[in-house]
Amino acid sequence: MKKTWTILLIGTIFLFGCRPAAITDTTTTTAASTTTKDQAAVTTTVSTAPSGMVTDATNTKTPNQSQKSTSSKATTTEFVIQSTVTTFKRVNPERTAKETAKMINNTLSAPATKIASEKAVIFYPKDENDWKMSQHVSVGVLNGKVYVTWSNARVHEDDCGQRIMYSYSSDFKNWSTPQTMPNGETEIGQYAEVVKMNGFMHTYNGTLYSSFSSSEWLPEDMLGPNVRPAGDAPRVNYKSYLMSTKDGINWKKEESGAALSSMGTMVTNRFFNVGSSNSIPYTDDPTGISGWQSGAIAASFESIKKEYGISLICEGSYYQTADGIIRAMWRTDCDYILMAESYNNGVTFTRPYMTKFTNGYSMFKFGYLPDKRIFCIYNPTGRDRLPLSIVLSEDGINFNKEYILRDEPIVKQYSGIGKGGHYSYPSYCIDGEYMYIGYATQKEGVEVTRIKISDLK
């Protein structure tokens, strides 16, 4: 069975120190249930609550960190996980999660260079009367066609009436006219037009799955009739959608489930959704329709925020190393990524610890190349989400080889709440010899960059 994997990402960045701009640019453009001492107890409660909007911070918090640089080794013992189809060997790590977190870094062994790429512009507002906010881009592949979905609003991010759009191409040069996703149209809710937020796409066994959610702002928080609040606020009347198609034309609404937010784990092929809630849902169902359970985290987010002097833990990702350890990674409002480990295939996780892996207060996504190297697509530092990069690791500890995907400044044309950032909320999809990276530009345009996996040396 052929599998195509998709991931969503955000970024913010400013180059400094050993991260200079590349000297070469070969881009082309086209339009268009045993626990450790800090591990949580097992839970089986399904968690499907969606995350709220995240507002970009303007200040920088930098925890005091120390650095090491050794690779990870672990031994394993037999450990059967409930609901898995095979026996998983429970990992007995040689060091604690706290020790590992201090070692995880993205210190480069050489300056980052610009990778050869192709770029396709999928959408950009034509004028002041067009829908001027685009965000939450996702990309997937089905039957040789590349599909792109995104959230689209009139003026502001996550505004009333926000809808879900999609476009596709069979040659990466000519793209279909953007249209609304079935069930993604603007609609009236209890208080005003509902807010629809794009999720993720993934392909399994000849079917493309795409998810999104809808919710409403409360009238007392809104700036006016059918206008969102100025900042983050509670939302109500949440609904989730999981659409599937075998031909890209006829879409079916699945009755339950959630789209998978990234690849399955390297060793056990289990799937996780690492978000802003104090648990990590997982499933062994590669369609994402059924089997969701919740992995427990050994400390509350509120206690971790207080310890590190941060106010934000959200929009996570994960990866699994060859020895079976799963690492959940979270965005924060400081300069570094937060990490927790699981030694029992994600049934429980340790409490989170701060790493030495820098990140510009932005979302990121981890994944695996065909040769099993681990990568992260992200914005290394800063606040302006420039550039967008991919960094590679041989061991899941030292992410030391980086390529710049996009570093061309983008000028914002229209104002709006929550807008900004040169390259925001990218996603990726690996299919055949290519990796496709989708993202929003200044939260106005939608683009996809295509690179050859063989160029990631």
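Values computed for the structure shown
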| read-out | value |
| --- | --- |
| Positions within the range 371-426 being in a loop (DSSP other than H, G, I, E, B), β-branched (Val, Ile, Thr) and more than 28 Å from residue 132 (Cα to Cα), in sequence order | 397 |
| Selected residue (criterion: surrounded by the fewest Cβ atoms within 10 Å (Cβ to Cβ)) from residues of the range 296-349 that are more than 18 Å from residue 261 (Cα to Cα) and within 15 Å of the chain's Cα centre (by Cα) | 332 |
| Residue list for the range 156-183, filter: in contact with a Phe, Trp or Tyr (Cβ under 6 Å, 6 or more places away or on another chain) and of a type in the set (Gly, Ala, Ser) | 167, 169, 176 |
| Filtered residues of the range 431-449 (kept if surrounded by fewer than 22 Cβ atoms within 10 Å (Cβ to Cβ) and in a strand (DSSP E or B)) | 431, 434, 445 |
| Whichever residue in the range 124-150 is of a type in the set (Phe, Trp, Tyr) and buried (at least 24 other Cβ atoms within 10 Å of the Cβ) and, among such residues, is farthest from residue 432 (Cα to Cα) | 150 |
| Inter-residue pairs, beta-carbon under 8 Å, first under 22 Å from residue 294 (Cα atoms) and of a type in the set (S, T, N, Q) and in the range 78-99, second assigned to a strand (DSSP E or B) and modelled with pLDDT of 50 or more, 6+ apart | 83/293 |
| Among the candidates 207, 186, 177, residue that is within 23 Å of the chain's Cα centre (by Cα) and either modelled with pLDDT of 95 or more or of a type in the set (Asp, Glu) (or both) | 207 |
| Positions within the range 301-339 being within 21 Å of residue 398 (Cβ to Cβ), in contact with an Asp or Glu (Cβ under 9 Å, 6 or more places away or on another chain) and among the hydrophobic types (A, V, I, L, M, F, W, C), in sequence order | 322, 325, 326, 328, 330 |
| Single match in 240, 213 (criterion: at pLDDT below 95, over 26 Å from residue 120 (Cβ atoms) and either in contact with a Lys or Arg (Cβ under 9 Å, 6 or more places away or on another chain) or among the aromatic types (Phe, Trp, Tyr) (or both)) | 213 |
| Members of the range 228-268 that are within 28 Å of residue 426 (Cβ to Cβ), of a type outside the set (Phe, Trp, Tyr) and in a strand (DSSP E or B) | 235, 239, 240, 242, 243, 244, 245, 252, 253 |
| Count - residues of the range 169-182 that are assigned to a strand (DSSP E or B) and within 22 Å of residue 129 (Cβ to Cβ) | 2 |
| Matching residues, the range 253-295, being crowded, with 20+ Cβ neighbours inside 10 Å, over 14 Å from residue 347 (Cβ atoms) and of a type in the set (A, V, I, L, M, F, W, C) | 258, 259, 260, 263, 274 |
| Residue list for the range 183-199, filter: of a type in the set (Asp, Glu) and in a loop (DSSP other than H, G, I, E, B) | 185, 187 |
| Test set (1) more than 20 Å from residue 104 (Cα to Cα); (2) in a loop (DSSP other than H, G, I, E, B); (3) at pLDDT 95 or above; (4) of a type outside the set (Gly, Ala, Ser) - residue 285 fails condition number | (3) |
| Top-ranked residue of the range 394-430 - restricted to ones that are surrounded by fewer than 21 Cβ atoms within 10 Å (Cβ to Cβ), of a type in the set (Gly, Ala, Ser) and at pLDDT 95 or above, ranked as nearest to residue 341 (Cα to Cα) | 416 |
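Rundown of residues vs (1) among the hydroxyl-bearing types (Ser, Thr, Tyr); (2) part of a loop (DSSP other than H, G, I, E, B); (3) closer than 21 Å to residue 435 by Cβ, yes/no style:
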position	(1), (2), (3)
152	no, no, no
155	no, yes, no
160	no, yes, no
167	yes, no, yes
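The values are calculated or read from the model by the stated rules, or taken from the named source; none is laboratory data. Since the structure is predicted, the reported quantities are computational estimates derived from the model, not experimental observations. Cβ: placed from backbone, ideal geometry, glycine included. Neighbour counts: every protein chain shown.
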